[in-house]
Ligand SMILES: O=C[C@H](O)[C@H](O)[C@H](O)COP(=O)(O)O
């Protein structure tokens, strides 16, 4: 934890987040806490040093108690630097992008951003943006989006993504496919050697009608990669998870690489009953990765 704390402080310094903006509201980052008063003044120097160090690490522990969420927040603060007044923005869902929407709302309130039109890619993000007073629009009114910002579940070395483990991928693909720049923010746990390489779900949206038939066709398609297809369910009763657009999700789990992603994408989309899949191939223009050692910005071009 100690090392992580020290590295975390470095990250805050790199993105220029001041002590005042640290989520706990505590006002120290890197400042040694002051002495307590007479009693401590009279204590032997080594004792004061030990107490000082202990207090420092206690504060640091409080600051970094939600370490992973901090990394997401740091990446979110960085990505908002790409936002300019007058832009049409694609606003993604998920725990990382949520911080971006919060920050944009804050900058609008402070008058540091103006004339933003947000296009949310999920109902939840729509509600969040509304509650923050972010003006909203859609692709009908703005078929070209200046910038989309979103999280991802996997990022491969070519900046191909897997998305949709949180349930959103169709509206995301529509909005992010219509944007000039698509900036993705992730923490380093999302980096994989190849798409599907985390061993976790690659989601496919399917219509409800005869979903078992569609699931078995999907599984057969990737038999050589050891694919297992599972319906996404919710709660103890294992009710099917229903998406914003009333579809089901079939999660595909691979034991090995599925090879050519474009070919895999075409084969999936050719199956009648499939609505869309969670591979975002060649779409991200920039990926910002937040890790314990700092921020790493990867550009596609
Ligand atoms: O379905 C959800 C979206 O595709 C999210 O962008 C993705 O799941 C990443 O979410 P998070 O930032 O919460 O890890």
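Looking at 198, 216, which one is within 22 Å of residue 155 (Cβ to Cβ) and assigned by TED's automatic domain parsing to the domain that holds residue 92? Reasoning before the result, please.
Details: 216 fails: within 22 Å of residue 155 (Cβ to Cβ).
The unique qualifying residue is 198.
Any idea which of (1) farther than 21 Å from residue 90 by Cβ; (2) at pLDDT below 95 is the one residue 187 doesn't satisfy?
Condition not satisfied by residue 187: (1).
If we keep just the residues of the stretch 171-191 that are outside any strand (DSSP E or B) and surrounded by fewer than 19 Cβ atoms within 10 Å (Cβ to Cβ), which is farthest from the ligand (Cβ to nearest atom)? Give the derivation first.
As a first pass, look at the stretch 171-191 and keep what is outside any strand (DSSP E or B): 171-178, 188-190.
Those left that are additionally surrounded by fewer than 19 Cβ atoms within 10 Å (Cβ to Cβ): 174, 177-178, 188-189.
Values: 174: 13, 177: 14, 178: 17, 188: 12, 189: 9 Å.
Here the answer is 178.
Tell me which residues, restricted to the stretch 49-77, are modelled with pLDDT under 70 and within 16 Å of the ligand (Cβ to nearest atom).
Answer for the stretch 49-77, where residues must be modelled with pLDDT under 70 and within 16 Å of the ligand (Cβ to nearest atom): just 66.
For residue 118, indicate whether it is touching a helix residue (DSSP H, G or I) at 6+ places or on another chain (Cβ under 9 Å) and either at positive phi or part of a loop (DSSP other than H, G, I, E, B) (or both). Don't jump to the end; show me each part of the working.
Values: touching a helix residue (DSSP H, G or I) at 6+ places or on another chain (Cβ under 9 Å): yes; either at positive phi or part of a loop (DSSP other than H, G, I, E, B) (or both): no.
Taking the combined requirement at face value, the residue does not satisfy it.
Give the residue that is surrounded by the most Cβ atoms within 10 Å (Cβ to Cβ), with candidates limited to residues of the stretch 99-128 that are over 23 Å from residue 187 (Cβ atoms) and touching a strand residue (DSSP E or B) at 6+ places or on another chain (Cβ under 9 Å). Steps first, answer last, please.
To start, the set of residues in the stretch 99-128 that are over 23 Å from residue 187 (Cβ atoms) comprises 108-119, 123, 126-127.
If we keep only those that are touching a strand residue (DSSP E or B) at 6+ places or on another chain (Cβ under 9 Å) as well, we get 116-119, 126-127.
Working: 116: 23, 117: 17, 118: 26, 119: 24, 126: 19, 127: 11.
Filtering the stretch 99-128 for residues that are over 23 Å from residue 187 (Cβ atoms) and touching a strand residue (DSSP E or B) at 6+ places or on another chain (Cβ under 9 Å), the one surrounded by the most Cβ atoms within 10 Å (Cβ to Cβ) comes out as 118.
Yes or no: the stretch 135-142 includes at least one residue that is buried (at least 16 other Cβ atoms within 10 Å of the Cβ), more than 15 Å from the ligand (Cβ to nearest atom) and within 28 Å of residue 264 (Cα to Cα).
yes
The values are calculated or read from the model by the stated rules, or taken from the named source; none is laboratory data. Here the structure is a predicted model, which is why all the values come from computation and not from measurement. In this analysis, Cβ positions are derived from the backbone assuming ideal geometry, glycine residues included, and neighbour counts consider all displayed protein chains.
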